[in-house]
1. Put +1 on the Cβ of every Lys and Arg and -1 on every Asp and Glu Cβ in the stretch 211-359; which of 214, 328, 234 then has its Cα farthest towards the positive end of the dipole?
2. With a 10 Å radius around each residue's Cβ, average the other Cβ atoms per peptide and rank 246-257, 65-76, highest first.
3. In the calculated pair distance distribution of the stretch 107-264, what percentage of Cα-Cα distances lie above 26 Å?
4. Obtain the nm distance between the two label points defined at residue 210 and residue 273 by a simple spin-label model: each point lies 7 Å from its Cα along the Cα-to-C-beta direction.
5. Translational diffusion coefficient, Stokes-Einstein: compute it for the stretch 1-104 using the Kirkwood radius over C-alpha pairs as Rh, at 10 °C and 1.306 mPa s, and state it as an integer in µm² s⁻¹.
6. Would you be so kind as to identify all helices of the chain, as entire DSSP H runs, whose Cα atoms reach 15 Å or more along the helix's own axis and whose mean Kyte-Doolittle hydropathy is at least 0.0?
7. May I ask which residue of 299, 261, 340 lies farthest towards the positive end of the charge dipole of the chain, with charges of +1 (Lys, Arg) and -1 (Asp, Glu) on Cβ and the Cα centre as origin?
8. Size of the dipole of the stretch 1-108 about the Cα centre, Lys and Arg at +1 and Asp and Glu at -1 on the beta carbon, nothing else charged, in debye to 20?
Amino acid sequence: MRALGIETSCDETAVAVLEGDGRVVFNVISSQAAAHAPYLGVVPEIAARHHLEALPKLLAEADRQVGLAGVELVAVTRGPGLIGSLLVGTCFASAYAWARKLPLVGVDHLEGHLVSPFLNLEDAPARGTVEGTLTLVISGGHSSYFLLAGGEARPLNRTRDDAAGEVFDKVAAALGLGYPGGPVVDVLAERGDPARFEFSRPRIKDPAGALDFSFSGLKTSVIRTAQGLGQVPLPDPGKPPQAFLDLLASFQSTIVEWLLWPLEELVARHAPRLVAASGGVAGNRELRRRLAAWGERSGIEVLLPPVALTTDNAAMIAWAGQTRAARGERDDPRALAAYPRAPWKTAGGPGGKPVFPAL
Ligand code: KG4
Ligand code: ZN
């Protein structure tokens, strides 16, 4: 089914159109980064208003470029995320589906990130989701390995404090490098010496072998070290002194190393057929290099989405929606509820059981 995807969970308004085979024919993201930059983070009210203004424009653009007459399914992110932003997307998608008498499917944002490695931007069909894929989802809100098996994605570990992307953002904000921080750090770290600063691994009790992450200690150490090096926020963020570039390179190298640290053990436990990464931090070049190198060494296939599909986009939502629709799932456009928190984090399913993202 030709699907229209709509994503408004945070600060990107995204619309995509996918053919039934997952071919991406339209994929546009309207970034609000400039609107939030003065506040060094996302302001929920500004985000919701921006979505409301941007959605009709993006839909009109999609109609002009590829035509929406042939759309047979509407897929929309229903959570988790900022509730005001989600409500704009779900109400808009529900009204659109209702008015055009099209089937509607609500999609979990995580499901989108989990299927994104199987998509491409080369006008080729998507690859089917592979059973037994081990996926590292790293974004502004998530840092977990998931195992895709039996039609659902089970989280295998979690972060005990900050998400990986959040740490990139907070370090960059403290240094005066703007928001979002990940892409800036990625570029600046290229010019620094990753061996100059060393950070010790968090000592967290892990008797059950949960392999959890913890990044807030690293964040604090990096910001303290920066304060010891000179004036922060940097007086001239366009030209950071070499010591700061070395610090950013060391920070990035450390966080990438920690993100990949549970990999060997999880591979030993679950014998995955494929290892994938997704979410904004999966666009990080150092992470992509190291994960690809790991794949070469281990002989296990590594699948990375195109960088443009690592951050929030609607192509992944349309594809996750098509997967749900193919199983016969439909949502009532008069009753599609949005949710701010991940159901698998809150054990919010029937009987208090966690509901994992379906694939
Ligand atoms: O997936 P995403 O767009 O939104 C969430 O679901 O959170 O991820 C955004 C996060 C931000 O924290 C951003 O700084 C980070 O991904 N990010 C990166 C890079 N590009 C985006 N972090 C490190 N390196 C990058 N190249
Ligand atoms: Zn995301």
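1. About the Cα centre, the residue reaching furthest to the positive side is 328.
2. On the way: 246-257: 23.1, 65-76: 18.9.
Peptide ranking by packing, descending: 246-257, 65-76.
3. Numbers: 4446 of 12403 pairs.
Every Cα pair in the stretch 107-264 considered, those over 26 Å come to 36 percent.
4. 3.1 nm
5. On the way: Rh = 13.8 Å.
Translational diffusion coefficient: 115 µm²/s.
6. Values: long enough: 44-66 (31 Å, -0.31); 83-100 (25 Å, 1.06); 164-174 (16 Å, 0.65); 216-229 (20 Å, 0.17); 242-260 (27 Å, 1.04); 285-298 (19 Å, -1.46); 315-326 (16 Å, 0.45).
What comes out of the filter, once short or polar helices are dropped, is 83-100, 164-174, 216-229, 242-260, 315-326.
7. 340
8. Working: 8 positive and 11 negative charges, 55 e Å.
About 260 debye.
Only the coordinates and a few stated rules stand behind these numbers; no lab work does. These numbers were taken from a predicted model, which means no experiment stands behind them. Using ideal geometry, Cβ is built from the backbone for each residue, glycine included, and neighbour counts are taken over all protein chains shown.
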